[in-house]
Amino acid sequence: MKLTDRPLRTTKRSGSHSFQTEKPELEPCYLRISQASYYFGVSRSRLFSLIAEGVIRSRLILQAGRIRGVRLIDVRSLRDYVESWDSEGKRIKRKEVEA
């Protein structure tokens, strides 16, 4: 499943004519924890462990004066982590990311 599973076509009207256009496939740079867990099949607790270990990058978005915020996972670092495992469950490489 792609991260961009949305309708690819939209109808635009130009005067009395309408035509089909392709939407560009854009992959998001960041996902919420629940989205990353769903798309990559990694549990929420494992995602938080990987963040704490420095294996994947994330950002916390807070409003001024608030305690709770939104944790966003960097898709590229998560994809690199997932691709670092071979089909037999062995780690191909260990790449630490800077915080």
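The values are calculated or read from the model by the stated rules, or taken from the named source; none is laboratory data. Keep in mind that what you see is a predicted model, and the values were worked out from it rather than measured. Quick reminder, even Gly has a Cβ in these numbers, built from the backbone with ideal geometry, and neighbours come from all protein chains shown.
A few remarks follow.
- Considering residues of the stretch 32-63 that are exposed (fewer than 15 other Cβ atoms within 10 Å of the Cβ) and of a type in the set (G, A, S) only, the residue nearest to V82 (Cα to Cα): G41
- Any pair with Cβ under 7 angstrom, 6 or more apart, that starts in the stretch 16-45 at a residue that is farther than 15 Å from R79 by Cα and ends at one that is at pLDDT below 80 and of a type outside the set (K, R): S18/T11; Q20/T11; T21/T10; E22/L8; K23/L8; K23/T10; E25/T4; L26/T4
- Hits in the stretch 25-62 - residues which are of a type in the set (G, A, S) and assigned to a helix (DSSP H, G or I): S34, A36, S37, S45, S49, A52
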